[in-house]
Amino acid sequence: MTNKKGGSKLNRCAPISVRFDPKIKHAADMAARYQRRTLSSYIEWAVEFALTNSDTKDLSGQAINLWEVAEKTFDVDDSEKLIRMALNAPNLLNYDEMQLWKVIETHPYFWRNHDAYMNRISGYTDKDLDLGKIRKQWANILKYVENGQDCIPDSDDDKKTLEEIAASAKKRLKTTAKESKTT
């Protein structure tokens, strides 16, 4: 029996562009007609079907399908999504995501306490991370990875604006430069 999901959906969809071999597009058109769906609805159904039938390994080595991984890791907030991916499916992070995660994982500012930061190699959960600080500094984390600019605070002074953090960093650089000239 065919599982039909016709009709309009009330949820928002993310548009994508896809290139298909003409024969595959023709076959997908025919399959969509058979199921009385639009082509985009059919493709969405086919991708979801493929994800539920494609396995990877979870952190304990057990088989888990990619749809379940998506359910565990999806969030509308990009920083939260990255953390969920890093904690639940680190093997599926792309290079850019690995760089972002490395900044978060190795910077003590993003950890709730010193013990969690020091013991992070032996395992941790999202409860050990300060998600509020990560969300608040997400633009800085992106900038750091993109440009190599360290504009992540070293302390818990969350009230500083980006400009204040940058000004403080410039002041430290000038002080360091003056000290090196005098020696």
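For segment 82-93, the criterion of a residue being part of a loop (DSSP other than H, G, I, E, B), among the small types (Gly, Ala, Ser) and within 26 Å of Asn140 (Cα to Cα) is satisfied by at least one position. Within segment 152-166, not a single residue is modelled with pLDDT of 65 or more, surrounded by 17 or more Cβ atoms within 10 Å (Cβ to Cβ) and part of a helix (DSSP H, G or I). Restricting attention to segment 87-119, the residues that are touching a helix residue (DSSP H, G or I) at 6+ places or on another chain (Cβ under 6 Å), modelled with pLDDT under 85 and of a type in the set (A, V, I, L, M, F, W, C) add up to 2. Among the residues in segment 45-52, are any out of contact with any helix residue (DSSP H, G or I) (no Cβ under 8 Å at 6 or more places or on another chain), in contact (Cβ under 8 Å) with a residue 12 or more places away in the chain, buried (at least 16 other Cβ atoms within 10 Å of the Cβ) and outside any loop (DSSP other than H, G, I, E, B)? For segment 45-52, residues out of contact with any helix residue (DSSP H, G or I) (no Cβ under 8 Å at 6 or more places or on another chain), in contact (Cβ under 8 Å) with a residue 12 or more places away in the chain, buried (at least 16 other Cβ atoms within 10 Å of the Cβ) and outside any loop (DSSP other than H, G, I, E, B): present. Here Trp45 passes the criteria (1) within 17 Å of Cys13 (Cβ to Cβ); (2) in contact with a Lys or Arg (Cβ under 7 Å, 6 or more places away or on another chain); (3) assigned by TED's automatic domain parsing to the domain that holds Leu142 except the one numbered (3).
The values are calculated or read from the model by the stated rules, or taken from the named source; none is laboratory data. What you see is a predicted model; the values in this text were computed from it and never measured. Cβ atoms come from the backbone with ideal geometry, glycine included; neighbour counts cover every protein chain shown.
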